[in-house]
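Shown next, in structure tokens, is the structure this report addresses.
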Amino acid sequence: MKKIIFSVLALLMGAGALTGCSSWIEEDPESLITDDMLGDSEDAAKQWVTGVYSKWVNDMFRWGYFPRMLEQDADYISGPDWLFGTFGAGNFQGEPEVPDALWNGCYNLIGRANLAEREIRAMNDISDAVKNNAIGEVKFHKAFAYFLLVRAYGPVPVQPEVDTEDKNEPRQSVDSVYNYIISNLEDAAGMMYKNTDGGYEAGHVNAGSAAGLLAKVYATMASAAMPVGTQVTVRTGPAYNGTDDNKTYAPLVSRTLSKTAVSGYEDMDSHALYTLAAQWAKAVIDGEYGTYELLPYSELWKKTSATASEFMFSVASADGNDTYSTQVHTQYSGYLMASGSDFIASGGWTGCTRHWYDLFEHDDYRITQGVRHRWRVNGHQDGNLGFYYPNTPEYTLMATGLDQDGNQVASPSGIYADGVQYYYNMTSECLAFTTKYDDVTNKATENADANWPFLRYADVLLVYAEAENELGHPDEALTYLNKVRQRSNASDGVLTGNGALDTQEKMRSAIIEERAKEFACEGDRRWDLIRWGIYLDAMNALGGSDDSGINKMRTSRNLLFPIPNAELNTNKSITENNPGWN
């Protein structure tokens, strides 16, 4: 390896204080560091670790394929057809660069991580604590890359940790890949600093990150291994009633879906795996791996909260930097025409459907604060226009001053009294657009510094609730489900009374739905549907297309991504693609 490009701010993993979080920012993103400059020192170890972090941005998120391939193939996610393209419509080989970015990016990161681990292990002039922590960080990122790969592609190669000339690695079974992931995360959890340790630097992954990811890994395996026929109720259905000339949103319909077998997980022991998921999640909750807490909703998505303990693993970028940039802010929020402008120049395309919005109670912060309710785009300047969402009596009145019958209401409470003529339409222009990625350093740049949250403490709490429910402990499950709901001003779930979560299936369905609400636009929904064996039924329950007319019909080939043709052409140990793909 002749040259290694080390990043600025390649990845932020929050866990701890909000101060001292500039350690990655201070790295020079343009510097080239050669082998003979690295040496044997704590600084050299840090540089190798930084090189691993850099792969998330410079090699993966930079090109805009992330988070598309994690996010767009889901029932509650929508956007314009030109953005979703053939990939978003289910033809994963129609735009091969999108799913290929996951394969190529993860294996590039893995290669960098293996090299970094070898170099750090060979160092002698550093303390054991620093050395172990550096190796633990590298192991965490390698494990996470394999976790992304095995969920998306099924059996995948596990690259040798030693340097070899033969690159023709065969695919390993799903359980073998998970065993490797678990081994690396267990090592990382024991090697890295806790976020309460003196040596810990904010902006890095830590012991709690590994323990929390282990809980999620075990829950993924456990749910996929649940018996065929296990039931999950999903609120879904076709987007519209009526014709194109006279259509209305169709109400949510509760549909009880039966789990199908998830390939590669059939021989796993679901009960044993949920027991391990619960143990690791509870260890994080009890503070064995550091201190974690849910942020108040009003603080959750602020830029100043980027390294708060709730964000256990997040990818970030440098503001306005072409090399270390992402398209997260552009895709979800859009960038303004100028600083302080009222008008979005471009972006703000990806949003959630009306069915997702209708899952919430009226006063849930995740829609009252977490969804954009009025906005203006470039084309609205001349006509003094703007969009509003949703077209419910409350927001229609606030936006227009008119009731649902079109009658003017005198001085309605809360009306947008700014003289703008707000309107609504049933296209991809008016979706439930999230506000999660709005707060950035410069809202008028295409390459803004929005974080992508891969793992939050809320996920650990809901994993624990899920595991406890499947282990037959509904009271414990309800307690931790309600912790997430209470933060967002949602009412408590109950075990008795009207609407009670008084069966294991009802609690299971409530937790899965809570995940859909809590982690919307965070790239989790497809993978939850896949692991529960309800992906095909949930997607096809939409009746063909979503709010924006995006094709949502799926067949069994969509359960896995196709292996890139470049890999098939060069790796002689892989002789066929995933089922249904050429």
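The values are calculated or read from the model by the stated rules, or taken from the named source; none is laboratory data. Here the structure is a predicted model, which is why all the values come from computation and not from measurement. Note that we place each Cβ from the backbone using ideal geometry, even for glycine, and neighbour counts take in every protein chain shown. For accessibility, only protein heavy atoms count, side chains too; no ligands or nucleic acids. Shrake-Rupley method; radii C 1.70, N 1.55, O 1.52, S 1.80 Å.
Quick check: is even one residue across the stretch 545-560 β-branched (V, I, T), more than 29 Å from Q327 (Cα to Cα) and open to solvent by 10 Å² or more (accessible area, probe 1.4 Å)?
Yes: one or more hits.
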Exercise. Counting only residues that are within 22 Å of L149 (Cα to Cα) and part of a helix (DSSP H, G or I), which one in the stretch 67-84 is most open to solvent (accessible area, probe 1.4 Å)?
Worked result: R68
For this session: Check the stretch 500-522 and report whether any residue there is more than 30 Å from D244 (Cβ to Cβ), free of Cβ contacts under 8 Å to residues at least 24 places away in the same chain and open to solvent by less than 40 Å² (accessible area, probe 1.4 Å).
Result: yes
Exercise. Any chance the stretch 307-322 includes a residue that's in a helix (DSSP H, G or I) and in contact with a Leu (Cβ under 9 Å, 6 or more places away or on another chain)?
Worked result: no
For this session: Mind listing just one residue for me: the one in the stretch 73-87 that is more than 18 Å from C430 (Cβ to Cβ) and among the small types (G, A, S) and, of those, farthest from the chain's Cα centre (by Cα)?
Result: G85
Exercise. When the stretch 237-260 is examined, which residues are found to be touching a residue at least 60 places away in the same chain (Cβ under 8 Å), open to solvent by 60 Å² or more (accessible area, probe 1.4 Å) and of a type outside the set (V, I, T)?
Worked result: P251, R255
Exercise. In this structure, is A444 hydrophobic (A, V, I, L, M, F, W, C) and open to solvent by less than 10 Å² (accessible area, probe 1.4 Å)?
Worked result: no
For this session: Test Y178 against the stated conditions and say whether it is within 22 Å of T50 (Cβ to Cβ), buried (at least 17 other Cβ atoms within 10 Å of the Cβ) and of a type in the set (S, T, Y).
Result: no
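Okay, residues lined up against (1) in a loop (DSSP other than H, G, I, E, B); (2) open to solvent by 30 Å² or more (accessible area, probe 1.4 Å); (3) among the basic types (K, R); (4) in contact (Cβ under 8 Å) with a residue 12 or more places away in the chain:
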residue	(1), (2), (3), (4)
W349	yes, yes, no, yes
H355	no, no, no, yes
G383	yes, yes, no, yes
F387	no, no, no, yes
P390	yes, no, no, yes
T396	no, no, no, yes
For this session: Exactly one condition in (1) assigned to a loop (DSSP other than H, G, I, E, B); (2) within 19 Å of the chain's Cα centre (by Cα) is not met by A101; state its number.
Result: (1)
For this session: Say whether the condition of being among the β-branched types (V, I, T) and out of contact with any Leu (no Cβ under 8 Å at 6 or more places or on another chain) is met by at least one residue in the stretch 522-530.
Result: no
Problem set entry | Matching residues in the stretch 147-184 - criterion: being under 26 Å from the mean Cα position of the chain (by Cα) and among the β-branched types (V, I, T) | V150, V156, V158, V174, V177, I181, I182
Problem set entry | Subset of the stretch 138-165 that is in contact with a Ser or Thr (Cβ under 9 Å, 6 or more places away or on another chain) and part of a loop (DSSP other than H, G, I, E, B) - its residue that is surrounded by the fewest Cβ atoms within 10 Å (Cβ to Cβ) | V158
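Restricted to the stretch 261-285, and to residues that are of a type in the set (S, T, N, Q) and part of a helix (DSSP H, G or I), which residue is least open to solvent (accessible area, probe 1.4 Å)?
First, the residues of the stretch 261-285 that are of a type in the set (S, T, N, Q): 263, 270, 275, 279.
So of that shortlist, the ones also part of a helix (DSSP H, G or I) come out as 270, 275, 279.
Working: S270: 14, T275: 44, Q279: 107 Å².
Taking the candidates together, the pick is S270.
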Exercise. More than 28 Å from R68 (Cα to Cα), assigned to a loop (DSSP other than H, G, I, E, B) and of a type in the set (D, E) - does that describe any residue in the stretch 449-471?
Worked result: no
For this session: Any residue in the stretch 320-332 that's more than 13 Å from V440 (Cα to Cα) and at pLDDT below 95: show its pairings with residues that are open to solvent by 30 Å² or more (accessible area, probe 1.4 Å) and part of a loop (DSSP other than H, G, I, E, B) at Cβ separation under 8 Å, as long as the two are six or more apart or on different chains.
Result: T323/E30
Exercise. Looking only at residues in the stretch 53-89 that are at pLDDT 95 or above and β-branched (V, I, T), which one is farthest from R235 (Cα to Cα)?
Worked result: T86
Problem set entry | Residue ID - nearest to K247 (Cα to Cα), chosen from residues in the stretch 418-453 that are touching a helix residue (DSSP H, G or I) at 6+ places or on another chain (Cβ under 9 Å) and free of Cβ contacts under 8 Å to residues at least 60 places away in the same chain | Y424
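Against the definition (surrounded by 22 or more Cβ atoms within 10 Å (Cβ to Cβ) and not basic (K, R)), how does M221 come out, yes or no?
Considered against the rule, which asks whether it is surrounded by 22 or more Cβ atoms within 10 Å (Cβ to Cβ) and not basic (K, R), M221 comes out as yes.
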Exercise. Which residue pairs have Cβ atoms under 7 Å apart, sit 6 or more places apart or on different chains, and have a first residue in the stretch 113-142 that is without any contact (Cβ under 8 Å) to a residue 40 or more places away in the chain and a second that is open to solvent by 50 Å² or more (accessible area, probe 1.4 Å) and part of a helix (DSSP H, G or I)?
Worked result: none
For this session: Might you let me know whether the stretch 313-322 holds any residue that is touching an Asp or Glu at 6+ places or on another chain (Cβ under 9 Å) and within 26 Å of E476 (Cβ to Cβ)?
Result: no
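Being touching a helix residue (DSSP H, G or I) at 6+ places or on another chain (Cβ under 6 Å), open to solvent by 20 Å² or more (accessible area, probe 1.4 Å) and not aromatic (F, W, Y) is the filter here, so list the residues in the stretch 296-311 that pass it.
Scanning the stretch 296-311 gives a single hit, E299.
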Exercise. Restricted to the stretch 523-541, and to residues that are among the charged types (D, E, K, R) and touching a strand residue (DSSP E or B) at 6+ places or on another chain (Cβ under 8 Å), which residue is surrounded by the fewest Cβ atoms within 10 Å (Cβ to Cβ)?
Worked result: D537
Exercise. Condition test on A477, is it more than 20 Å from L431 (Cα to Cα), open to solvent by less than 10 Å² (accessible area, probe 1.4 Å) and outside any helix (DSSP H, G or I)?
Worked result: no
Exercise. What number of residues in the stretch 185-212 are in a helix (DSSP H, G or I), under 22 Å from the mean Cα position of the chain (by Cα) and surrounded by fewer than 24 Cβ atoms within 10 Å (Cβ to Cβ)?
Worked result: 0
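For every residue, the table says whether it meets (1) among the charged types (D, E, K, R); (2) touching a residue at least 60 places away in the same chain (Cβ under 8 Å); (3) under 19 Å from R374 (Cβ atoms).
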position: A465; (1), (2), (3): no, no, no
position: R487; (1), (2), (3): yes, yes, no
position: S491; (1), (2), (3): no, yes, no
position: G497; (1), (2), (3): no, no, no
